[in-house]
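Heads up, the thing below is written out as structure tokens.
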């Protein structure tokens, strides 16, 4: 029974990862967006290092939020359009554990993780001190999965709606704000040489909380969208 | 749409649901699957409501709707591998044999977006063979198929009924199973 659940989960994860590899352009778009938005700031506000350093944590996190939101469309939309999603919902497993969690994990591995790998390069552009880099990486490592998780609820609720993209941002961005505040807070504190433990603990707590609740909320949202 | 509908189906029975466009055939099938909730009433499987059975009911069920559930970027075998993984070990026919049986073995490495409508439909129907599930619910399964494939499907239906399976399908064409009786249900009032 439970090993069937694991087999199903792994099938979904492998399938979504393979699909992402087959459509490299879809995977690259949010990353290019992330890079361009961050590269525009030094051009817009001027190359003064002190100003850029002060802006860096906020700019990096806002760009990460927007890039993550941009990639939400591929989480369920194409599977919904071709009927794969209803087949997944009809599989003999708990929807949240066997389908939704693996899909969110695949989404994070192909959107959040590349973003983390890219961020040090862009942080250098914004004059972020090298000492703050590890904190930036850890904060993104804790925060971006939360973005994928919360985003999945929005993506599921707006399935099949016209103008779903705009609606997703209205639904999801307000819920992203705690991650933004504490993620950027951690990097700012680290750049100032302060203790970041409180910020990172809170981000970790958000991750555990959303991991516990979100897959079930998304499952309920998917059932409503498919009804 | 429809109301006052009541029927029961036994092992080895074949139910053909008929009705004009918009009479609720697809809605009825989706409700039978548990994808849509009925406004009133209940669907039972072995005497228990399907809402209570959940996964136990879905373990017995295979469904094909208007959409084929095929990812165009994947090959035929890759598409079926996902469904094999989702179904668990139910003792169906191995994927290469199913593809050969349905005449899809000649296109193993092409992405399925290049297949014809009929070929895609056959691939969707291959799901019914890779896992052994008693209840088959099919929305217009043979519409896009050529005569040979439709005849083949009739043989597959007959074999499934012989094993004690149940089939509920909608079709605008007449369904003639020479070996088994076909029950019909009309949603037209």
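Every read-out reported here was derived from the displayed coordinates using simple, explicitly stated rules and does not represent laboratory data. The structure displayed is predicted, hence computed values, not measured ones. FYI the Cβ positions are ideal-geometry reconstructions off the backbone, even for glycines, and counts take in every protein chain you see.
Normalised by the number of residues in the range A:92-163, the mean separation of alpha-carbon contacts (under 8 Å, six or more apart) gives a relative contact order of 41 percent. Rounded to the nearest 10 degrees, the angle from helix A:2-22 to the longest Cα principal axis of chain A is 60 degrees. Neighbouring Cβ atoms from other chains, within 10 Å of the Cβ of residues in B:78-91, number 6 on average. With R₀ set to 25 Å, the beta-carbon distance separating residue B:1 from residue A:81 gives a calculated FRET efficiency near 0.50.
Beyond 16 Å, the tail of the calculated P(r) for the range B:40-84 holds 56 percent of the Cα pairs. For the pair residue B:44 and residue B:20, the difference between a 0.36 nm per residue extended length and the Cα-Cα distance amounts to 6.0 nm. Computed from Cα positions, the angle between helix B:147-162 and the longest principal axis of chain B comes to roughly 60 degrees.
Kirkwood Rh, the range A:104-227, all Cα pairs: how many Å?
Values: mean 1/r = 0.0648 Å⁻¹.
Radius from the Kirkwood sum: 15.4 Å.
Here the simple spin-label model places points 7 Å from the Cα toward Cβ, and for residue B:56 and residue A:125 these points are separated by 5.8 nm.
Share of Cα-Cα pairs in the range A:66-119 beyond 17 Å, in percent? Display every interim value, and only then the final one.
Details: 616 of 1431 pairs.
Across the range A:66-119, Cα pairs with separations above 17 Å total 43 percent.
Extent of the protein assembly as shown along its three principal axes (Cα atoms, max minus min coordinate, largest first): 84, 47, 39 Å.
Using the alpha carbons alone, the radius of gyration of chain A stands to its Kirkwood radius in an Rg to Rh ratio of 1.00.
A straight chain from residue B:143 to residue B:183 at 0.36 nm per residue would run longer than the Cα-Cα distance by 12.5 nm.
With the convex hull of the Cα atoms taken as the outline of the range B:88-131, the averaged projected area works out to 3.1 nm². Rg and Dmax, both from the Cα atoms of the range A:90-158 and both in Å, are 15.5, 52.
Quote the relative contact order of chain A in percent (integer), defining contacts as alpha-carbon pairs under 8 Å separated by 6+ residues.
Values: 257 pairs, mean separation 61.3, N = 227.
Value for chain A: 27 percent.
Placing R0 at 56 angstrom, the Cβ-Cβ distance between residue A:6 and residue A:53 gives a FRET efficiency of 0.75 after rounding to 0.05. The alpha carbons of the range A:16-149 occupy a box of 58, 25, 19 Å along the principal axes, longest dimension given first.
Calculated translational diffusion coefficient of the range B:43-161 (10 °C, 1.306 mPa s; Stokes-Einstein with Kirkwood radius over alpha-carbon pairs) equals 106 µm²/s.
Sort largest first and round to whole Å: the equivalent ellipsoid semi-axes of the range B:1-99, each the square root of five times a Cα gyration tensor eigenvalue.
Numbers: eigenvalues 159, 64, 35 Å².
Equivalent ellipsoid semi-axes, largest first: 28, 18, 13 Å.
Calculated on the alpha-carbon coordinates, the convex hull of the range B:131-178 measures out at 82 cubic angstrom per residue.
With all pairs of different C-alpha atoms in the average, the Kirkwood value for the hydrodynamic radius of the range A:157-227 is 14.3 Å. Can you tell me the orientation of helix B:76-87 relative to chain B, as the angle in degrees between its alpha-carbon axis and the longest Cα principal axis, to the nearest 10? Tilt relative to chain B: about 40 degrees.
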